[in-house]
């Protein structure tokens, strides 16, 4: 088996693994996966910035902006009220900061977006399974 075949097989496995993870994930897990995608791409973009790899940096930042677009699109402001609006405002702010980071090649702004995402992810992960699945009864 040659190295090229092995690499192609590994890449195919990773794609199947990701798709399988998405197909079997509940809505809470999907949001967690998207937030992880933001963090992974932010680290990638930061690395590209530090190495002066401009096109690659732009691609990574574009992926983050697209993920944030998806998160914004999933918000239901009629049901989520102020919470959904606050999240929409946060995602909008993060997208604008990413545009600034890209324009000014700013590692500090990438760190800010990463910090905001980590805070959001921490809050998201603290939601109990009972609340996630709507099994709490109002007393």
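The values are calculated or read from the model by the stated rules, or taken from the named source; none is laboratory data. Treat the numbers as computed from the prediction; the structure is a model and nothing was measured. Positions of Cβ are backbone-derived with ideal geometry, glycine not excepted, and every protein chain shown enters the neighbour counts.
Values for this structure:
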{"quantity": "In region 70-87, residue surrounded by the fewest Cβ atoms within 10 Å (Cβ to Cβ) [restricted to those that are within 14 Å of the chain's Cα centre (by Cα) and more than 27 Å from residue 48 (Cβ to Cβ)]", "calculated": "74"}
{"quantity": "Scan of region 49-65 for residues that are in a helix (DSSP H, G or I) and loosely packed, with under 13 Cβ neighbours inside 10 Å, ordered by number", "calculated": "50, 51, 54, 55"}
{"quantity": "Residue 114 within 26 Å of residue 27 (Cα to Cα), part of a helix (DSSP H, G or I) and in contact (Cβ under 8 Å) with a residue 24 or more places away in the chain", "calculated": "yes"}
{"quantity": "Leading residue by the ranking (nearest to residue 97 (Cα to Cα)) among those in region 69-84 that are part of a helix (DSSP H, G or I) and touching a residue at least 24 places away in the same chain (Cβ under 8 Å)", "calculated": "69"}
{"quantity": "Candidates 60, 25, 9 - the one that is in contact with a helix residue (DSSP H, G or I) (Cβ under 7 Å, 6 or more places away or on another chain) and at pLDDT below 95", "calculated": "25"}
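This table checks each residue for (1) surrounded by 10 or more Cβ atoms within 10 Å (Cβ to Cβ); (2) modelled with pLDDT under 95; (3) touching a helix residue (DSSP H, G or I) at 6+ places or on another chain (Cβ under 9 Å).
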| site | (1), (2), (3) |
| --- | --- |
| 96 | yes, no, no |
| 99 | yes, no, yes |
| 110 | yes, no, yes |
| 114 | yes, no, yes |
| 120 | yes, no, yes |
| 129 | no, yes, yes |
| 134 | no, yes, no |
| 138 | no, yes, no |
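Conditions tested, residue by residue: (1) in a helix (DSSP H, G or I); (2) under 16 Å from residue 115 (Cβ atoms); (3) touching a helix residue (DSSP H, G or I) at 6+ places or on another chain (Cβ under 6 Å); (4) free of Cβ contacts under 8 Å to residues at least 24 places away in the same chain.
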{"residue": "37", "(1), (2), (3), (4)": "yes, no, yes, no"}
{"residue": "40", "(1), (2), (3), (4)": "yes, yes, no, yes"}
{"residue": "43", "(1), (2), (3), (4)": "yes, yes, no, no"}
{"residue": "47", "(1), (2), (3), (4)": "yes, no, no, yes"}
{"residue": "67", "(1), (2), (3), (4)": "yes, no, yes, no"}
